[in-house]
Amino acid sequence: MRISYDDTTDLLYFRFDDRIQEVVNKRVADDVVLDIGEGDKLVGIEFLNASRQLNLEKLLPVEHGAPA
């Protein structure tokens, strides 16, 4: 699993599967988007406006920069 945070867009991304694949985005809340990949498996979770929802300092290690 990889966790990355883009401080420019305030987007926190949890990536569970690093394989390159097409994903379908499914918004499950105003600020939460699921990335669903092959076989309807969860590939990633995006948290929009992350700093307003989560304590980012407790989520370590965090790679700063744009999500892959």
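Within region 1-22, residues that are at pLDDT 90 or above have Cβ atoms under 8 Å from residues that are small (G, A, S) and in a strand (DSSP E or B) in these pairs: L12/S4; Y13/S4; Y13/G44; F14/G44; R15/S4; R15/G44; F16/G44; D17/G44, counting only partners at least 6 apart in sequence or on another chain. The set of residues from region 6-40 being within 16 Å of A50 (Cβ to Cβ) and loosely packed, with under 11 Cβ neighbours inside 10 Å comprises T8, V28, A29, D30.
The values are calculated or read from the model by the stated rules, or taken from the named source; none is laboratory data. From a predicted model like this one, the values you see are computed outputs, not experimental measurements. So basically every Cβ, Gly included, is an ideal-geometry build from the backbone, and we count neighbours across all protein chains shown.
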